[in-house]
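Single-structure report; data block below.
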Amino acid sequence: MGKEESKAEVAPVSAKDAIYVQIGDFVKDKTGKRIGKTGGREIFDLVVEQTFAAAVREGSFRFNGGFGSFHVKTYQAGTRRLPSGQETTFGERQKVRYEEGVVVKALIVEGGDLAKALKARGTRAKKTTGKVAAKPAADKGEDLDLD
């Protein structure tokens, strides 16, 4: 009877951990310095903080490349009647809304396949609707004598 080998179980990598590792690998590729998962997490957290701070400060934040945007809406202070009949006052508040971009919509359609979604973005951008208008004739540089 042979000795059975037991395979060590590897814990599944969470989506966040995978992002942290990818950021760390990207920095290593660009700079030659290893920052690892912890450094990747610090960069990711800072980017998220700055993104939301910019959205609140500016009223909106648009991601590059068709990934969507954040919009901030401010609601005025007001009073509301609770189901118990008591009136309560709410202060001014802000809500952040995310609007999907072309790539995110394609990601949903493609089942999360980023390569296909990015390819779909490129083909959609090149599609034309309707007929293309004829180009105006080039100016020959002729002067008109209006005397």
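The values are calculated or read from the model by the stated rules, or taken from the named source; none is laboratory data. The shown structure was predicted, so the numbers you read here are calculated from the model rather than taken from an experiment. Because the Cβ atoms are built from the backbone with ideal geometry, glycine has one as well, and the counts that use them run over all protein chains shown.
Which condition breaks for Ala120 when tested against (1) modelled with pLDDT of 85 or more; (2) over 23 Å from Ile23 (Cβ atoms); (3) outside any loop (DSSP other than H, G, I, E, B)?
Going through (1) modelled with pLDDT of 85 or more; (2) over 23 Å from Ile23 (Cβ atoms); (3) outside any loop (DSSP other than H, G, I, E, B) one by one, Ala120 breaks only (1).
For residues in the stretch 51-75 being within 16 Å of the chain's Cα centre (by Cα) and aromatic (Phe, Trp, Tyr), which is farthest from Lys116 (Cα to Cα)?
Phe52
Scan (1) at pLDDT below 90; (2) part of a helix (DSSP H, G or I); (3) of a type in the set (Ser, Thr, Tyr) for the single condition Thr51 breaks and write down its number.
Only one criterion is unmet by Thr51, namely (1).
Suppose we filter Thr89, Thr79, Thr38 for residues that are surrounded by fewer than 11 Cβ atoms within 10 Å (Cβ to Cβ), assigned to a helix (DSSP H, G or I) and either among the β-branched types (Val, Ile, Thr) or touching a helix residue (DSSP H, G or I) at 6+ places or on another chain (Cβ under 6 Å) (or both); which single one remains?
On the way: Thr89 fails: assigned to a helix (DSSP H, G or I); Thr79 fails: assigned to a helix (DSSP H, G or I).
Testing whether each residue is surrounded by fewer than 11 Cβ atoms within 10 Å (Cβ to Cβ), assigned to a helix (DSSP H, G or I) and either among the β-branched types (Val, Ile, Thr) or touching a helix residue (DSSP H, G or I) at 6+ places or on another chain (Cβ under 6 Å) (or both) leaves just Thr38.
In the stretch 41-74, which residues are closer than 21 Å to Lys16 by Cα, of a type in the set (A, V, I, L, M) and surrounded by 13 or more Cβ atoms within 10 Å (Cβ to Cβ)?
Ile43
Suppose the filter is at pLDDT 85 or above, on the phi > 0 side of the Ramachandran plot and out of contact with any Pro (no Cβ under 8 Å at 6 or more places or on another chain); does Gly91 pass it?
Spelling it out, it is not the case that Gly91 is at pLDDT 85 or above, on the phi > 0 side of the Ramachandran plot and out of contact with any Pro (no Cβ under 8 Å at 6 or more places or on another chain).
Quick one: which residue in Gly78, Gly36 is in contact (Cβ under 8 Å) with a residue 12 or more places away in the chain, more than 25 Å from Val21 (Cβ to Cβ) and more than 14 Å from the chain's Cα centre (by Cα)?
Numbers: Gly36 fails: more than 25 Å from Val21 (Cβ to Cβ).
Checking each option against the conditions leaves just Gly78.
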